[in-house]
1. Take ALA385 and tell me if it is hydrophobic (A, V, I, L, M, F, W, C) and either within 19 Å of VAL453 (Cβ to Cβ) or loosely packed, with under 12 Cβ neighbours inside 10 Å (or both).
2. If a residue must be part of a strand (DSSP E or B) and either at pLDDT below 95 or open to solvent by 30 Å² or more (accessible area, probe 1.4 Å) (or both), how many such residues does segment 407-460 contain?
3. Suppose the filter is of a type outside the set (A, V, I, L, M) and over 13 Å from the mean Cα position of the chain (by Cα); does GLY127 pass it?
4. I need the full set of residues from segment 169-184 which are within 16 Å of the ligand (Cβ to nearest atom) and under 27 Å from ALA126 (Cα atoms), in order please.
5. Yes or no: segment 479-499 includes at least one residue that is within 30 Å of PRO153 (Cβ to Cβ), in contact (Cβ under 8 Å) with a residue 12 or more places away in the chain and in a loop (DSSP other than H, G, I, E, B).
6. Whether any residue in segment 173-180 is basic (Lys, Arg) and within 29 Å of ALA74 (Cα to Cα) is what I want to check.
7. Please enumerate the residues belonging to segment 302-341 that are touching a residue at least 60 places away in the same chain (Cβ under 8 Å) and within 16 Å of the ligand (Cβ to nearest atom).
8. Consider GLU82 carefully, then state whether it is in contact (Cβ under 8 Å) with a residue 40 or more places away in the chain and among the acidic types (Asp, Glu).
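The values are calculated or read from the model by the stated rules, or taken from the named source; none is laboratory data. Treat the numbers as computed from the prediction; the structure is a model and nothing was measured. Every residue, glycine among them, receives a Cβ derived from its backbone with ideal geometry; neighbour counts consider all protein chains shown. When the accessible area is computed, the model is the full protein with side chains, heavy atoms only, and any ligands, DNA or RNA have been set aside. Shrake-Rupley method; radii C 1.70, N 1.55, O 1.52, S 1.80 Å.
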Amino acid sequence: MDIWEALKSRHAAIGERPILALFEDADRADDFAVQTQHMRLDYAKTNIDRDTRADLLALADATGVAAKRDAMFAGEKINDTEGRAVLHTALRNLDGGPVTVDGQDVMPGVLDTLARMRLFAEKVRAGDITDVVNIGIGGSDLGPAMAVAALAPYHDGPRCHFVSNVDGAHIADTLRGLDAKTTLVIVASKTFTTIETMTNARTAKAWMMDHGGNPAVQFAALSTSDEKTAAFGIAPDQVFGFEDWVGGRYSVWGPIGLSLMIAIGPKGFDAFLRGAQAMDQHFRVATPLQNMPIMLALVGLWHNQVCGYATRAALPYDQRLSLLPAYLQQLEMESNGKSVQMDGAALPMHSGPVVWGAAGTNGQHAFYQLIHQGTRVIPCEFMVAANGHEPELVHHHHLLMANCLAQSEALMRGRPLAVATRMMADKGLTGLEKDRQARHRVFAGNRPSTTLVYERLDPFMLGQIVALYEHRVFVEGVVLGINSYDQWGVELGKELATSLQPVIEGAEDPETRDPSTAALARYLITHRD
Ligand code: F6P
């Protein structure tokens, strides 16, 4: 029997076994947890027992996770549908050794660009710039936007704004109220062709010229294409380049992180890189059982591919991490949302999960109802810091932590019918009405979750957390046998949008499209002002 089959049999045999029963093993809380620098991942509140875990570890071993990890760090072209290495780790390899691609050490180039970014960031922070507008989308937006929000207590540079959507509302709302003479626009696009970003960049350039600014000095670009940034008119000394071995959703560690560096300063940015580097080191050397990314990935594979839970909720109990679910959504879904394996064969199981979520405690008052009492099981991934950044509001933080722990406990324990019935009896209800009301108050419980706790969300910790999730996605992709580093699934929609543009502009007949699309286009055309 192969390992997947063995795991499925284990799942079938577990049936309704209560997770709580697993704590008869007195060591479980510590044994089903992984610790590394200033953080602890608990996966004891899942239905994974020692035998299941042994099978999951065997799966990681059989699929060659360790060898593929080493190949990635060594600069081998593991993104083999695009013929590229995958080396976002080189961007944070601050004092590591050489990293070679095609026989060339890439580290001098990485460190040189980083040094130029530092000088530029210091100049901006010391000058008259009051506002920075980062124009980018996907990985060229979500990473820096998430990190700038996450590290607000360390933000001592100019204000940062992020424009991504081609919807003119986004750039209009952002530019309104900004002073074109003291605004720096950063055009962040790996390819420098993305229609949303280029459209917004042209609009920002026109706004700056119309309002007395000087795009020749107030525009910077982050891209792999020197020709395209030059054609746009951006001075070469304000262009920060990177190579095609940095995937968009893995790019916050290099030039794409420039807005973050301007916000928190080069020292803070260095700490962010060092946090990621610490996680890289942990991922490379820790045994699989003590390896946080590997264990987090195996828990994810168990829930998604074996148990069949199609979604995963990312639930940071940290208001400043409210963009993290969206960031993780791109990271996981663009990386592991694939239907074929490396060799082109159909994936014989489900691809990666739907990732969604929101910051706690807000989600508790919105969608947790379904998580607790809905018919589908949603594995939850909680996270919370031991310390906030508001010592004068420590009672808020105590409430935040209590709520976070309460949710995972409630999901696991549930509330049985007998308890709910007693509650209703205590309220004075009797007979059928007591039973009816009790049934509405039952929580099935036995719902799995993981919890990541850490000391404080500082730049180093954020670097560790983001790198943890990057490596988790990598391990899941390796076990599934897919290429986590391409994204062909975004192409078709882009192509059709381009071909629909003349239809919307009235230059082409809607009849060329399918009847539904044609009818929708006709409605939009006839109803526009
Ligand atoms: O359309 C998907 C995508 O290619 C993402 O992978 C990427 O992060 C985003 O678009 C932006 O791409 P670019 O940085 O080239 O503008």
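1. Working: hydrophobic (A, V, I, L, M, F, W, C): yes; either within 19 Å of VAL453 (Cβ to Cβ) or loosely packed, with under 12 Cβ neighbours inside 10 Å (or both): yes.
Considered against the rule, which asks whether it is hydrophobic (A, V, I, L, M, F, W, C) and either within 19 Å of VAL453 (Cβ to Cβ) or loosely packed, with under 12 Cβ neighbours inside 10 Å (or both), ALA385 comes out as yes.
2. In the first step, residues of segment 407-460 are kept if they are part of a strand (DSSP E or B); the result is 415, 443, 449-456.
If we keep only those that are either at pLDDT below 95 or open to solvent by 30 Å² or more (accessible area, probe 1.4 Å) (or both) as well, we get 415, 443, 453, 455-456.
Residues that pass the stated criteria total 5.
3. On the way: of a type outside the set (A, V, I, L, M): yes; over 13 Å from the mean Cα position of the chain (by Cα): yes.
Against the criterion (of a type outside the set (A, V, I, L, M) and over 13 Å from the mean Cα position of the chain (by Cα)), GLY127 qualifies.
4. To start, the set of residues in segment 169-184 that are within 16 Å of the ligand (Cβ to nearest atom) comprises 170-171.
Once the filter is applied, which keeps residues that are within 16 Å of the ligand (Cβ to nearest atom) and under 27 Å from ALA126 (Cα atoms), segment 169-184 yields only ILE171.
5. Going residue by residue through segment 479-499, those that are within 30 Å of PRO153 (Cβ to Cβ) are none.
Within segment 479-499 (the criterion being within 30 Å of PRO153 (Cβ to Cβ), in contact (Cβ under 8 Å) with a residue 12 or more places away in the chain and in a loop (DSSP other than H, G, I, E, B)), the answer is no, since none of the residues qualifies.
6. Going residue by residue through segment 173-180, those that are basic (Lys, Arg) are 176.
Restricting the remaining residues to those that are within 29 Å of ALA74 (Cα to Cα) gives none.
Checked segment 173-180: no residue is basic (Lys, Arg) and within 29 Å of ALA74 (Cα to Cα).
7. Scanning segment 302-341 gives LEU323, ALA326, TYR327, LEU328, GLN330, LEU331, GLU332, GLU334, SER335, ASN336, GLY337, LYS338.
8. Working: in contact (Cβ under 8 Å) with a residue 40 or more places away in the chain: yes; among the acidic types (Asp, Glu): yes.
It is true that GLU82 is in contact (Cβ under 8 Å) with a residue 40 or more places away in the chain and among the acidic types (Asp, Glu).
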